[in-house]
2 protein chains.
Amino acid sequence: MITSSSSLRRSERSRRATLEAALALCTEKGYGRVTIEAIAARAGVSKKTIYRWWPSKSAVILEAFTEALVDATPFVDTGDIAADLRTHVSGAVNLLATAPFGPAYAGILSEVHHDDELAETVRTQLIEPRFAQAVDRLRRAQEQGQIPPDANLPLAVEMLYGPVYYRHVLRKPVQDEATIAALVAHVLCSLRASATDAGRMREPIVG
Amino acid sequence: MITSSSSLRRSERSRRATLEAALALCTEKGYGRVTIEAIAARAGVSKKTIYRWWPSKSAVILEAFTEALVDATPFVDTGDIAADLRTHVSGAVNLLATAPFGPAYAGILSEVHHDDELAETVRTQLIEPRFAQAVDRLRRAQEQGQIPPDANLPLAVEMLYGPVYYRHVLRKPVQDEATIAALVAHVLCSLRASATDAGRMREPIVG
């Protein structure tokens, strides 16, 4: 038992050292010039150890980015869905505006289109769990009567995250707090739309 | 005069041949394996000619993609802003779902983060003109009373385009027609939000 738990501790220490080395190297060299060799040397672990846990450099950096994103974008519940979504989206925007996280995520996304295994890992380990948690947070607000009962919650999440991705991949200036507040207010307001709204919108809505 | 116009025609023929060769090679080999040499050979023009007009392979493919996007995503004005936005967004979604255009644009985006000149070209030749045209189309709808006079039009455009980018860069299944219709309806509905709405949203809006 003692051996097993000290071995687990050693494993966790190596894992953390690997993730920290990967991020430090992203800062110093840029995502494109990071190698598994350099990560191993910096972390003081063997390449074999790294390849036992991760299939590629991108997978190491993805795990480090995911941990940072989870820390930076909590799904708090203060009972005020607008305030909580502003907190959440601001966390994501600020992380993406910070090196090495923003450039590292851009590097990961740039490999998603030609690395099927990485694409699957991004979806299953990062996107889908966060998306589900965002829908859950909206559902709690719905139960509290802050969002209409027939609201399209997955669409709301895409409308919140979409503009953040849009600016990040195009390297446009990131959203400031006022823009994030406007985005959140608009997405919440949009949830008053329903299937029949598509028809109603064809009529002039102002005099 | 005759010489000059026939020289222009020859130039335009070479330009078209270059763009078509670039797209054909993207289809056959994938964006990552296309080279200026291969484009020149396929188009029957010299490398020197290509480099006189474009600084890089990405710039050639960007121009080919931009022409296809402009054709695929007209800003029609039938007097029905919801229908016209559905037409516009569907055009973009369908183009991105089609090879070589979707993978080619993913390839361009993957280089935007480490190629400053390409990033600037993407913004000035593709993103900013299209964004401005989208805002103009919304402004005409506003003048026709289909959108509130105080609506945040640039935010609306980001809410329309953002989810399309989100799915494209993450290789999620593209939006179907029903989802595009819901997105457009929600974005138009969201424009009823105003600065004061951010405050109002804190109160329960359903019983």
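Quick notes on this one:
- Any pair with Cβ under 6 angstrom, 6 or more apart, that starts in region A:96-119 at a residue that is more than 10 Å from every other protein chain (Cβ to nearest Cβ) and farther than 13 Å from A:Ser58 by Cβ and ends at one that is hydroxyl-bearing (Ser, Thr, Tyr) and part of a helix (DSSP H, G or I): A:Ala99/A:Thr27; A:Pro100/A:Thr27
- For B:Val174: the one exception among (1) under 30 Å from B:Val112 (Cα atoms); (2) in a helix (DSSP H, G or I); (3) hydrophobic (A, V, I, L, M, F, W, C): (2)
- When B:Thr35, B:Thr27 are screened for being surrounded by fewer than 17 Cβ atoms within 10 Å (Cβ to Cβ), in contact (Cβ under 8 Å) with a residue 60 or more places away in the chain and not charged (D, E, K, R), only B:Thr27 passes.
- Filtered by the rule that a residue be open to solvent by 20 Å² or more (accessible area, probe 1.4 Å) and closer than 29 Å to A:Ala82 by Cα, region A:97-129 gives A:Ala97, A:Thr98, A:Ala99, A:Phe101, A:Pro103, A:Arg123, A:Thr124, A:Gln125, A:Glu128, A:Pro129.
- Residue count, region B:168-188 (criterion: more than 7 Å from chain A (Cβ to nearest Cβ) and surrounded by fewer than 20 Cβ atoms within 10 Å (Cβ to Cβ)): 7
- Residue satisfying all of: in region B:30-76; of a type in the set (Phe, Trp, Tyr) and assigned to a helix (DSSP H, G or I); farthest from B:Arg10 (Cα to Cα) among these: B:Tyr31
- Looking only at residues in region B:141-155 that are more than 8 Å from every other protein chain (Cβ to nearest Cβ) and in a helix (DSSP H, G or I), the one that is farthest from B:Ala92 (Cα to Cα) is B:Glu143.
- Among the residues here, B:Ser90 qualifies as of a type in the set (Gly, Ala, Ser), away from chain A (no Cβ under 12 Å) and in contact (Cβ under 8 Å) with a residue 40 or more places away in the chain.
- Hey, B:Ile81 among the β-branched types (Val, Ile, Thr), closer than 30 Å to A:Arg33 by Cα and assigned by TED's automatic domain parsing to the domain that holds B:Ala185 or not: no
- Any hit, region A:146-154, residues being farther than 21 Å from A:Arg192 by Cα, modelled with pLDDT of 95 or more and within 16 Å of the chain's Cα centre (by Cα): no
The values are calculated or read from the model by the stated rules, or taken from the named source; none is laboratory data. Values in this document were obtained by computation on a predicted structure and should not be read as measured data. Glycine gets a Cβ as well: all are built from the backbone with ideal geometry, and neighbour counts include every protein chain shown. When the accessible area is computed, the model is the full protein with side chains, heavy atoms only, and any ligands, DNA or RNA have been set aside. Shrake-Rupley method; radii C 1.70, N 1.55, O 1.52, S 1.80 Å.
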